[in-house]
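The values are calculated or read from the model by the stated rules, or taken from the named source; none is laboratory data. Just so you know, these numbers come straight off a predicted model, no measurement behind them. Cβ: placed from backbone, ideal geometry, glycine included. Neighbour counts: every protein chain shown.
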């Protein structure tokens, strides 16, 4: 029975935001002093734990807080009063529920117990919850027995003990608990009524199942106690936990009607244990599509290794984890495991290391580094008996036997134990790494993983890591990545927000702040749309790092509507075991349209577009850079693009299908355009005119084609005789092959407009 419903009673006192004049600093009786305009009290609109709350400085031995509102009280009624408080500074007070029990005429009922048990506050910032049940009957569990005389109460709380402490108090909650004490009117069944012992020793599995079977339309109450469950339990009814359960790691609890973190945290006595068991149920019960974290923070003392919890090697049904925060709690469980090993690499087996020494100490998911190793290469699998490792990507220059380093970062959520995992989604989750852990590691194989509207806050090493092809079709949308290296110069940063090995990822509308690199992208078919990634620092004439690194040659990838800020796009083939071009596709298939490129306080040699071939013979075949804006602040740069020839250069004589046009350049000394329309003024009559296109050609390109030639005004001889002849054109002239020669039948002078390309247009 719930009298608030059946009798239409209003039990909740007003929230503090409704006005402190509604709260008494005495007994709550009419005419007594309120907390409004008191020098030691104020309403706080946005506390991180409470939202709106009351802040007071304790100035008396017993500081009272009572509602002026008359909370109705009837015979047979039981009220649960809950207050949440925390101390910010000063001496720690005690906290207790307290009230003024009033008869119908407003006089005090002295026989009623009007104070509850005192709870001590022992830590600053610790949220302490104090509750008491006010009831008419002297029953077990009733803290303040009022009998039948009171008609209403002015209910609130007291702060006791030393003065001077500053305390914040959440809105006081009053709820009708009458049904707890009226068994014949209850809408639930208690597992104890079906034989559960709750002693932590007896197997209560059968009692739980019997209670669920008998509940019908009612809910199940797991009353106070510790219940050991030796078998799987599935509740088909709503269930509420006052007690807790203990289960072996492989035993499952499925709460099918209230599948959320609140339920599991109550069942297992805490958020972390509840979260792990809820994940287990998520993968084992087909009715559970979504695990709601109930907006709660889950403090994790160790990585959540989902495959170990689930006990499955593969899973392909859609599952969602959403609406909460995962926070790393500092301890040794998050320490990076580092191993050094001698191993042999052969280009004929591009993703395998053989004869690996010390292999038992190299875990799956470790990042490998060493000479000839590209960025973001991970250990995908380990075969200890064969002394071989499978890698996520080939190595570009590591043939032979050499020493490698392996670093295994620790992640809040680790999916790497799955061989194959698809259609898993994380939504509205804050991965609060706190510089202690990394964020999310994906499975070895998988499809259509989604990370939506999440926050990766200060990952120690990595935000999202793929160690295999579990990133196939990965979708990362509307997320924020906040670096742990905000105050470190860009060149000294080591963190990476994201890497991908497979194809067809969609990276959209994300905000990425001051990582060493935003994304290292293997595979092809990627979409970057509407992202803002910025990697600057406070250094004058500073160094900048690649924001996005593309590691395949023919990428068929587009960047549209992105804000590329104090970083650049690097295009490499560092995940190619044989990086010298011999056949097939070279660098091509990249489209950059409608992006904003900006930079400030950098050296003039900075470039936004960098191609870094790891072997000779490569060229560009298919590049569109159209309709972008390039802008510098606090200084100029020389140009926007370059070839990094640290390993090799490009074959500029093989450039094909390059469109570098309709871009805006601000603070750039030399613009880049191809095809480019050049105005050439020949003031001295000559039969050969040399037109220089080199400064405009992208990526040190040659003047490979002249697609049009227009005379502006008359072409005349030295004696001003007009000539009406057609010249011929020779391309790739001059020392650097960056000129065209316009050749006339006779010596002439005048002005022409020549359209020159760095490529063959087909």
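State the number of residues belonging to region 601-626 that are closer than 14 Å to residue 567 by Cβ and surrounded by fewer than 16 Cβ atoms within 10 Å (Cβ to Cβ).
Going through region 601-626 one residue at a time, the tally reaches 0.
For region 261-314, name all the residues that are in contact (Cβ under 8 Å) with a residue 40 or more places away in the chain and at positive phi.
311, the sole residue that qualifies.
Kindly state which strands (runs of 3 or more DSSP E) lie completely within region 242-337 and contain at least 3 residues that are in contact with a helix residue (DSSP H, G or I) (Cβ under 8 Å, 6 or more places away or on another chain) and closer than 25 Å to residue 421 by Cα.
Where strands (runs of 3 or more DSSP E) fall fully within region 242-337 and carry at least 3 residues being in contact with a helix residue (DSSP H, G or I) (Cβ under 8 Å, 6 or more places away or on another chain) and closer than 25 Å to residue 421 by Cα, they are 253-255, 290-300, 319-328.
Go over the candidates 442, 447 one by one and state the one that is crowded, with 24+ Cβ neighbours inside 10 Å and in contact with a strand residue (DSSP E or B) (Cβ under 8 Å, 6 or more places away or on another chain).
Criteria check complete, one pass: 442.
Is it fair to say residue 618 is within 30 Å of residue 536 (Cα to Cα) and not in a strand (DSSP E or B)?
Answer is no for this residue.
Looking at (1) at pLDDT 95 or above; (2) in contact with a strand residue (DSSP E or B) (Cβ under 9 Å, 6 or more places away or on another chain); (3) more than 21 Å from residue 460 (Cα to Cα), can you tell me which one residue 329 breaks?
Here residue 329 meets the rest and fails (3).
Can you find a residue that is in the same structural domain as residue 534 (by TED's automatic domain parsing) and either within 28 Å of residue 351 (Cβ to Cβ) or touching a helix residue (DSSP H, G or I) at 6+ places or on another chain (Cβ under 7 Å) (or both) anywhere in region 590-608?
yes
Yes/no per residue for (1) out of contact with any helix residue (DSSP H, G or I) (no Cβ under 9 Å at 6 or more places or on another chain); (2) in contact (Cβ under 8 Å) with a residue 40 or more places away in the chain; (3) buried (at least 17 other Cβ atoms within 10 Å of the Cβ):
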residue: 367; (1), (2), (3): yes, yes, yes
residue: 377; (1), (2), (3): yes, yes, yes
residue: 382; (1), (2), (3): no, no, yes
residue: 396; (1), (2), (3): yes, yes, yes
residue: 400; (1), (2), (3): yes, yes, no
residue: 403; (1), (2), (3): yes, yes, no
residue: 415; (1), (2), (3): no, yes, yes
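Can you name the residue in region 573-589 that is closer than 18 Å to residue 655 by Cβ and crowded, with 23+ Cβ neighbours inside 10 Å and is also farthest from the chain's Cα centre (by Cα) among such residues?
The qualifying residue farthest from the chain's Cα centre (by Cα) is 587.
Go through 120, 112, 132 for me and flag whichever is in contact with a strand residue (DSSP E or B) (Cβ under 8 Å, 6 or more places away or on another chain), free of Cβ contacts under 8 Å to residues at least 40 places away in the same chain and under 24 Å from residue 224 (Cα atoms).
Answer to the selection: 120.
What about residue 658, is it part of a loop (DSSP other than H, G, I, E, B) and in contact with a strand residue (DSSP E or B) (Cβ under 6 Å, 6 or more places away or on another chain)?
no
In contact (Cβ under 8 Å) with a residue 24 or more places away in the chain and surrounded by 19 or more Cβ atoms within 10 Å (Cβ to Cβ): does that describe residue 629?
The answer is no for residue 629.
Of the residues 494, 557, 539, 543, only one is at negative phi and touching a strand residue (DSSP E or B) at 6+ places or on another chain (Cβ under 7 Å); which?
557
Could you tell me whether any residue of region 58-66 is assigned to a loop (DSSP other than H, G, I, E, B) and within 29 Å of residue 297 (Cβ to Cβ)?
Yes, that holds for at least one residue.
With respect to residue 55, determine if the residue is free of Cβ contacts under 8 Å to residues at least 60 places away in the same chain and either under 12 Å from residue 158 (Cα atoms) or not in a loop (DSSP other than H, G, I, E, B) (or both).
So residue 55 does not fit the description; no.
One line per residue, one yes/no per condition, for (1) in the same structural domain as residue 526 (by TED's automatic domain parsing); (2) part of a strand (DSSP E or B); (3) in contact (Cβ under 8 Å) with a residue 24 or more places away in the chain; (4) more than 22 Å from residue 335 (Cβ to Cβ):
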{"position": "426", "(1), (2), (3), (4)": "no, yes, yes, yes"}
{"position": "430", "(1), (2), (3), (4)": "no, yes, yes, yes"}
{"position": "436", "(1), (2), (3), (4)": "no, no, yes, no"}
{"position": "451", "(1), (2), (3), (4)": "no, yes, yes, yes"}
{"position": "456", "(1), (2), (3), (4)": "no, yes, yes, no"}
{"position": "459", "(1), (2), (3), (4)": "no, no, yes, no"}
{"position": "463", "(1), (2), (3), (4)": "no, yes, yes, no"}
{"position": "467", "(1), (2), (3), (4)": "no, no, yes, no"}
{"position": "470", "(1), (2), (3), (4)": "no, yes, yes, yes"}
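Scan region 340-351 and give yes if some residue there is farther than 30 Å from residue 503 by Cβ, within 31 Å of the chain's Cα centre (by Cα) and touching a residue at least 60 places away in the same chain (Cβ under 8 Å), otherwise no.
Looking through region 340-351, at least one residue is farther than 30 Å from residue 503 by Cβ, within 31 Å of the chain's Cα centre (by Cα) and touching a residue at least 60 places away in the same chain (Cβ under 8 Å).
Looking at region 89-109, I want the residues that are on the phi > 0 side of the Ramachandran plot and have a partner that is outside any strand (DSSP E or B) and surrounded by 15 or more Cβ atoms within 10 Å (Cβ to Cβ) with Cβ atoms under 6 Å, at least 6 apart or on another chain. Which pairs are those?
Going by the 6 Å Cβ cut-off, the qualifying pairs are 90/165.
Among the residues that make up region 167-175, is at least one of them part of a loop (DSSP other than H, G, I, E, B) and assigned by TED's automatic domain parsing to the domain that holds residue 65?
So far as region 167-175 goes, yes, one or more of its residues are part of a loop (DSSP other than H, G, I, E, B) and assigned by TED's automatic domain parsing to the domain that holds residue 65.
Does region 394-413 hold any residues that are more than 15 Å from residue 463 (Cα to Cα) and in contact with a strand residue (DSSP E or B) (Cβ under 8 Å, 6 or more places away or on another chain), and which are they?
The answer is 395, 398, 399, 400, 401, 402, 403, 404, 405, 406, 407.
Inside region 730-749, can you point out the residues that are buried (at least 17 other Cβ atoms within 10 Å of the Cβ) and within 19 Å of residue 684 (Cα to Cα)?
739, 740, 741, 742, 744, 748, 749
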